[in-house]
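K.L.:
Okay, handing you the structure first.
The values are calculated or read from the model by the stated rules, or taken from the named source; none is laboratory data. Being a predicted model, the structure only gives us computed values, none of them experimental. Reconstructed Cβ throughout: ideal geometry from the backbone, glycine too, with neighbour counts over all protein chains shown.
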Amino acid sequence: MGRVRNSAELFATLLLFWILLNGTLAPGTLAVGAAAAIAIVLFYTDGLSFLSHFQPVPRSFTASILFVFYFLRELVRSNIALARIVLSPELPIKPGIVKVRTKLKSPMGRLLLANSITLTPGTLSVELTGEWLYVHWVTVDATDNEGATAKIVAGFERYLEVMYG
């Protein structure tokens with residue numbers, strides 16, 4: 001039953017994006033979109049949807065909205081911080097790779113965490129191995145696992161844990 005649900009979620013997500021990109025519900029356009037979505041679903045039978053493993057309870061929907069706002073806030077904060085670094089004549093950087101721990105068990109939750117970290121300027125997810133995520137950080141503020149985890153991961157994880165477990 002899980003595969004059917006994953007396939008249905010993937011199909012619906014792909015078709016929705018097709019409709020949004022084309023901006024029309026013309027039968028020919030829908031047919032092409034549906035055919036493309038079916039072909040992709042057949043290639044990715046294990047699922048490819050961001051809804052995979054999502055826990056559809058009211059708390060998750062609230063956490064999803066809060067996650068988007070948190071991400072946008074972190075995006076603005078990190079852009080400003082990186083702009084200060086770049087514009088500073090001393091170029092005060094301390095680059096390094098830190099090892100952080102994630103409590104997330106869901107593959108989709110971990111993927112969203114790694115991508116959220118990468119999308120905020122100054123950090124780049126390098127590798128995810130088990131519960132450990134290696135992150136390149138432009139200004140290493142904490143070298144210990146707990147400190148780096150608190151600064152980089154904890155904020156995102158707070159919402160993703162509710163959404164994906």
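K.L.:
Please count how many residues of the range 29-57 are closer than 26 Å to GLY109 by Cα and either at pLDDT 75 or above or touching a strand residue (DSSP E or B) at 6+ places or on another chain (Cβ under 6 Å) (or both).
P.N.:
Pass one, the range 29-57, residues closer than 26 Å to GLY109 by Cα: 37-57.
From the residues that got through so far, the ones that are either at pLDDT 75 or above or touching a strand residue (DSSP E or B) at 6+ places or on another chain (Cβ under 6 Å) (or both) too are 37-43, 57.
Residues meeting the conditions: 8.
K.L.:
While we're looking at this one, here's another question. Quickly run through the range 99-138 and pick out the residues that are touching a residue at least 12 places away in the same chain (Cβ under 8 Å) and on the phi > 0 side of the Ramachandran plot.
P.N.:
Scanning the range 99-138 gives a single hit, GLY122.
K.L.:
Which condition number does GLY96 fail, the rest of (1) closer than 30 Å to ASN6 by Cβ; (2) free of Cβ contacts under 8 Å to residues at least 60 places away in the same chain; (3) surrounded by fewer than 19 Cβ atoms within 10 Å (Cβ to Cβ) being met?
P.N.:
Among (1) closer than 30 Å to ASN6 by Cβ; (2) free of Cβ contacts under 8 Å to residues at least 60 places away in the same chain; (3) surrounded by fewer than 19 Cβ atoms within 10 Å (Cβ to Cβ), the lone unmet condition for GLY96 is (1).
K.L.:
Here is a further query. Residues that are in contact with a strand residue (DSSP E or B) (Cβ under 6 Å, 6 or more places away or on another chain) and closer than 18 Å to LEU75 by Cβ: find the helices (runs of 4 or more DSSP H) completely inside the range 90-165 holding 2 or more of those.
P.N.:
Working: elements: 107-119, 145-152, 154-164.
Here the list reads 107-119.
K.L.:
Give the residues of the range 116-137 that are surrounded by fewer than 18 Cβ atoms within 10 Å (Cβ to Cβ) and either over 17 Å from GLY165 (Cα atoms) or touching a Phe, Trp or Tyr at 6+ places or on another chain (Cβ under 6 Å) (or both), sorted by residue number.
P.N.:
Of the range 116-137, the ones surrounded by fewer than 18 Cβ atoms within 10 Å (Cβ to Cβ) are 118-119, 124, 126-132, 134, 136.
Hits for the range 116-137 are THR118, LEU119, LEU124, VAL126, GLU127, LEU128, THR129, TYR134, HIS136.
K.L.:
Residues to consider are ILE40, ILE65, ILE19; find the one that is in a helix (DSSP H, G or I), touching a residue at least 24 places away in the same chain (Cβ under 8 Å), farther than 27 Å from VAL138 by Cα and of a type outside the set (Lys, Arg). Reasoning before the result, please.
P.N.:
On the way: ILE65 fails: touching a residue at least 24 places away in the same chain (Cβ under 8 Å); ILE19 fails: touching a residue at least 24 places away in the same chain (Cβ under 8 Å).
Just a single option satisfies the conditions, and that option is ILE40.
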